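Student: Below is the structure I would like to discuss, written out as C-alpha cells.
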Amino acid sequence: MNVDKIRKDFAILNGKNPPIYFDNACTTFRPNSVLGKMNEYYEQYPSCAGRSNHRFGTRVTEELIKARRTVADFFNAKKESEIVFTRNTTEGINLIANALGLKKGEIVLTSDKEHNSNLIPWLVKAKSVGIRHETFKFGDLGDFEKKIKNVRLVSVVHTSNVDGTTQDVKEMAKIAHENNAVILVDAAQSAPHKPIDVRKLDIDFLVCSGHKMLGPSGMGILYGKQELLEKMDYFMAGGETVTNSTYTSFVPEKVPEKFEAGLQNYAGIIGFAEALRYLKKVGLGDVEKHEHELNKRLSDGLLKLGVKILGPEDAKLRGGVAGFNVGKMNPHEVSLMLDSYNIAIRSGMHCVHSWFNANKLAGSARASLYLYNTKDEVDFFLEKMKDIAKLAR
Amino acid sequence: MVICIIALPVFALLGLFSLKYRILAWEAFHCLFRTVAFKPCNTGLDLKIKSKFTAKLMWFPALARGFYKYFAVLSWIFVILALLSVAGTGYGLYNYIKYGNCNGPDSSAFCIFNPTRAGGEEQCSTFTQKTEVDVKKVNLTGAVVRGALYAPYAIVEYGCYSCHYTKEAESALNQVLANYPNVKLFYLDVPLDIHPYSVEAGEAAICAGEQGKYWEYHDLIFERQESLNDSSFRAFANELKLSVSAFDKCLDANSTKAQLEMQRDNAFAAGVYGTPTFIIGKTVLVGPQEYEVLEKAVKKLM
Ligand SMILES: Cc1ncc(COP(=O)(O)O)c(C=O)c1O
C-alpha cells in the first residue's frame, strides 16, 4: 500500500499545510474520485431513477443498479436486493427497530458500550411498545450466553468507537441463532477498516455509514437477509414503496425498494459505491495492517508519556483507534490544544454517554487513524503530546 | 467560568456582525449561566480560551504550564481589570457629558473624547497661534463690574460682542454670579476686527455705560447678536430710553475709540488670544464654560 500515492487522491491533503486528521472514527475525508462521481450525477444525468424513461432516467437507474451490486459485493451479500440504502447507521437501526414488528415484552439485547444510535431506539421502543432492553458486557461471550435466553433481537456494535476493540460477532450470531434470536450488527466502525463478509459471519442485519468510509455524508446502508426483509413491515412509506394504489388500498413494492421511500440520494448512493470501489482497490486488509502499524507507534508513544489508554494496551486489539486520557486533564483541552497545531482529534463521550456514565468517566480523547495517515504525522502528534502531557504534572 | 463575564458582551457585540461570534456568544451565555449557578461550565468557551492560549505559549513551556495551572486566577484578575476599566470609561463619559472633559471639571489632561466644551477652547480669535495667558499681566483698566463692587472674589472675562462663543458663555456665568453674591465680574471688551459690528458694539456699550446702562445694553447686544445691523445701536439706545444726543456724541468721541483700543491692546499684552477668556485667580479658561467648571474655579478662590 502506497500511502504517498493515496494521499495524492485527496484534495484536502494536497493544499498548503495539510491537516493531521486523526478523527476518522467520526468521519473521513473523501477522495477526488468520489467527489467526481457525485458531481458527474449532478452535471450529466441529474434525474430520477426507476420512474422516468428518458435517457437521463435510464442512466441513473443503471448507476443505481451498479451501485447496489458494488455494495452487495463489498459485503459479500447473496443478492443485491439485500441492500437497502439509508441515510446512515442510525437510520438503519431505526428501520429495524420500527419494521421488525417488536412486541411488548420481547427482549432486545445490546452490549453495554453502544453508541446512542444503538441504544436510544430501543429505549424509545421500551417506552412506546413495552419491549425490554437488556445489556451484556461488551466482548464477553460468557455474559452474552447467559443473557441470550428468550431474546428476540441481538443488536451489537462490531467495533467500539470509544476504544476500537472488536467483538466476535460471528460467535454471537451462532449463539443467537441457536436461541432463535436475530442479530443486527452496527458496523459503523468496522466496515471502513476491515473486510466484512456477512455470509461468513452469518449475521442477519448489518448497518453502516458511508461518511466513515470515504463516502458522502447522508448515505448509509442496511444489509438484511432477503427472507427477513421480506417479512418486515414498512418503516417509511410513500413514493417508490408501492407498485399500485387506490384510494383505499396499495400493493407494496418488493424489497429493497419497499424500504426506500421517496426520491433517493442518488449522488450519495453513486458516490458511496465509488468509495467502496476505492477501498476495494486499495484492499481493506492492507488498510487494516497500515492502521495497526501506525496505532502501535502512536500507542507506544503515548504510553511512554504516561498517558492512559482506554481498553487494552496492545494496539493490535484496537484497530486504528486510541482512546486516552492525560492525567486528570479535561480531554477537550487536549483536543483544543492539538487543534492549535493543526491536529484534529475527538474528545468527549463520543455519543456513548451510557458507558462513560456507568464507568464514572468524564470522557476521553480519541485519535483514530485511516489509510491516508502517515508515520510522520504520528511522530508530530507525539511531539506535541509530549508538551501537553507535561501540563498534567 | 468567570472569563465568560467579559466574553459574553464582547462576543454579543461582534455577533451582530458575524455568525461565528454569535455562536461564541451563545457559548459564553451558557458558560456564564453555569458560572452563576456554580456548576462547572462545560460548554467549552473557557476551555477554548484556556487551551488555545496554552498552546500558543508552548514555545516557553514554563509559561504555558503557569498559564494552564493558574488560568482561573488569571481570568479573575483579567475580569476585575476589565470591569475596572469599564467603570473608568463610564466615569470618563460621565465627566465628559457633565463637564465637557472626561478627566473631570478642571483638568487639562489629555482626554480621549475630543472635548468641545471646557478645555475645548472654542473661541473667537484673530490669532492663528495660541499664546500663553499671563495672569500677572491682566490689566483691569476700563473693566466694567457686574455684581457687588465690594464682593471679595472676582472673575475676569475678556469678551467680544459679536463672538457667539462669548454669548454662549453668558448663561453659566450669570448663574454663577447669581448664586455667589460674593463674586463679581470684571468684563473687558476685546473687539476683533474680523467680526462685523464688533468695534461698533463695544463703543456703543461704553456709551450706554456713560448713562449708567452698561449691563442693560450689554445684555441687549447679546440677545440680538444674530441680527445686528447699522441701525441696531441707535435703536437699542432708544429702547433703553437713553439720551440719543449724548449717546451719539459719545460715539463720535475719540476717547471712546481710544478706550476700547486700549482694552484690546492690554488684553493682547496679557497674552489673551481669544474670547471668551476667563481668569479666575490663577485659573485661565478659554471658551464657553459649563456652570460646574466656573463654580469649581470660583470655589478654589474661597
Ligand atoms: C459505533 C457507531 N454506531 C453508530 C454511529 C452512528 O453513525 P451515524 O451518525 O452515521 O448514523 C457511529 C458514529 O459515530 C458509531 O461510531
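Student: Taking the stretch A:217-263 as the region of interest, how many residues are within 12 Å of the ligand (Cβ to nearest atom) and open to solvent by less than 10 Å² (accessible area, probe 1.4 Å)?
Tutor: 4
Student: Still on this structure, I have one more. Tally time: how many residues in the stretch A:1-54 are within 16 Å of the ligand (Cβ to nearest atom) and among the charged types (D, E, K, R)?
Tutor: Going through the stretch A:1-54 one residue at a time, the tally reaches 2.
Student: Take the residues in the stretch A:179-202 that are away from the ligand (no atom under 15 Å from the Cβ) and open to solvent by less than 10 Å² (accessible area, probe 1.4 Å); name whichever of them is nearest to the other protein chains (Cβ to nearest Cβ).
Tutor: A:Ile183
Student: Which one of these does A:Asn161 not meet: (1) within 16 Å of the ligand (Cβ to nearest atom); (2) in a helix (DSSP H, G or I)?
Tutor: With respect to (1) within 16 Å of the ligand (Cβ to nearest atom); (2) in a helix (DSSP H, G or I), A:Asn161 is out only on (2).
Student: Which numbered condition trips up A:Ser368, out of (1) within 14 Å of chain B (Cβ to nearest Cβ); (2) out of contact with any helix residue (DSSP H, G or I) (no Cβ under 8 Å at 6 or more places or on another chain); (3) over 16 Å from B:Ser51 (Cβ atoms)?
Tutor: Tallying (1) within 14 Å of chain B (Cβ to nearest Cβ); (2) out of contact with any helix residue (DSSP H, G or I) (no Cβ under 8 Å at 6 or more places or on another chain); (3) over 16 Å from B:Ser51 (Cβ atoms), A:Ser368 fails exactly one: (1).
Student: How about the stretch B:256-276: which of its residues are more than 12 Å from B:Asp134 (Cβ to Cβ) and under 23 Å from the mean Cα position of the chain (by Cα)?
Tutor: Residues satisfying the conditions are B:Gly274, B:Thr275, B:Pro276.
Student: Looking at the stretch B:53-81, which of its residues are part of a helix (DSSP H, G or I), within 12 Å of chain A (Cβ to nearest Cβ) and open to solvent by less than 50 Å² (accessible area, probe 1.4 Å)?
Tutor: Once the filter is applied, which keeps residues that are part of a helix (DSSP H, G or I), within 12 Å of chain A (Cβ to nearest Cβ) and open to solvent by less than 50 Å² (accessible area, probe 1.4 Å), the stretch B:53-81 yields B:Thr54, B:Ala55, B:Leu57, B:Ala64, B:Gly66, B:Phe67, B:Tyr68, B:Phe71.
Student: Out of (1) surrounded by 14 or more Cβ atoms within 10 Å (Cβ to Cβ); (2) under 20 Å from B:Thr166 (Cα atoms), the odd one out for B:Glu261 is which?
Tutor: So B:Glu261 meets the others, but not (1).
Student: Answer yes or no: is there a residue in the stretch B:146-164 that is in a helix (DSSP H, G or I) and of a type in the set (S, T, N, Q).
Tutor: no
Student: Return the only residue of A:Leu95, A:Leu119 being open to solvent by less than 10 Å² (accessible area, probe 1.4 Å) and within 16 Å of the ligand (Cβ to nearest atom).
Tutor: Every option except A:Leu95 fails the conditions.
Student: Only residues that are out of contact with any helix residue (DSSP H, G or I) (no Cβ under 9 Å at 6 or more places or on another chain) and part of a loop (DSSP other than H, G, I, E, B): list them for the stretch A:231-252, please.
Tutor: Result: A:Gly238, A:Gly239, A:Thr246, A:Tyr247, A:Thr248, A:Ser249.
Student: Please tell me if A:Ala126 is of a type outside the set (D, E, K, R), within 16 Å of the ligand (Cβ to nearest atom) and over 29 Å from A:Leu310 (Cα atoms).
Tutor: For A:Ala126, the condition - of a type outside the set (D, E, K, R), within 16 Å of the ligand (Cβ to nearest atom) and over 29 Å from A:Leu310 (Cα atoms) - is not met.
Student: Quick check: is even one residue across the stretch A:111-118 farther than 21 Å from A:Met236 by Cα, in contact with a Lys or Arg (Cβ under 7 Å, 6 or more places away or on another chain) and of a type outside the set (S, T, N, Q)?
Tutor: Taking every residue of the stretch A:111-118 in turn, at least one turns out to be farther than 21 Å from A:Met236 by Cα, in contact with a Lys or Arg (Cβ under 7 Å, 6 or more places away or on another chain) and of a type outside the set (S, T, N, Q).
Student: Suppose we filter A:Ala322, A:Ala315 for residues that are within 16 Å of the ligand (Cβ to nearest atom) and among the hydrophobic types (A, V, I, L, M, F, W, C); which single one remains?
Tutor: That would be A:Ala322, the only listed residue that is within 16 Å of the ligand (Cβ to nearest atom) and among the hydrophobic types (A, V, I, L, M, F, W, C).
Student: Only residues that are of a type in the set (Asp, Glu) and in a strand (DSSP E or B): list them for the stretch B:175-196, please.
Tutor: Listed by number, the list holds a single entry, B:Asp189.
Student: Can you spot a residue in the stretch A:254-277 that is more than 22 Å from A:Thr61 (Cα to Cα) and among the aliphatic types (A, V, I, L, M)?
Tutor: no
Student: With the checklist (1) open to solvent by less than 10 Å² (accessible area, probe 1.4 Å); (2) under 21 Å from the mean Cα position of the chain (by Cα); (3) not aliphatic (A, V, I, L, M) in hand, flag the one item A:Ser347 doesn't pass.
Tutor: Of the numbered conditions (1) open to solvent by less than 10 Å² (accessible area, probe 1.4 Å); (2) under 21 Å from the mean Cα position of the chain (by Cα); (3) not aliphatic (A, V, I, L, M), the odd one out for A:Ser347 is (1).
Student: For the stretch B:262-298, give me each residue that is in a helix (DSSP H, G or I) and in contact with a Pro (Cβ under 8 Å, 6 or more places away or on another chain).
Tutor: B:Arg264, B:Glu292, B:Val293, B:Lys296
Student: Further question: Cβ-Cβ below 7 Å, separation at least six or inter-chain, first residue in the stretch B:241-261 and in a helix (DSSP H, G or I), second among the acidic types (Asp, Glu): which pairs?
Tutor: If the second residue must be among the acidic types (Asp, Glu), the pairs left are B:Cys250/B:Glu210; B:Leu251/B:Glu203; B:Thr256/B:Glu203; B:Lys257/B:Glu203; B:Leu260/B:Asp189; B:Leu260/B:Glu203.
Student: Looking at the stretch A:340-356 only, could you name the residues that are within 14 Å of chain B (Cβ to nearest Cβ) and more than 30 Å from A:Leu276 (Cα to Cα)?
Tutor: A:Ser340, A:Tyr341, A:His353, A:Phe356
The values are calculated or read from the model by the stated rules, or taken from the named source; none is laboratory data. As the structure is a computational prediction, the values presented were derived from the model and not from experiment. Glycine gets a Cβ as well: all are built from the backbone with ideal geometry, and neighbour counts include every protein chain shown. The area values use the complete protein model at the heavy-atom level, side chains included, leaving out ligands, DNA and RNA. Shrake-Rupley method; radii C 1.70, N 1.55, O 1.52, S 1.80 Å.
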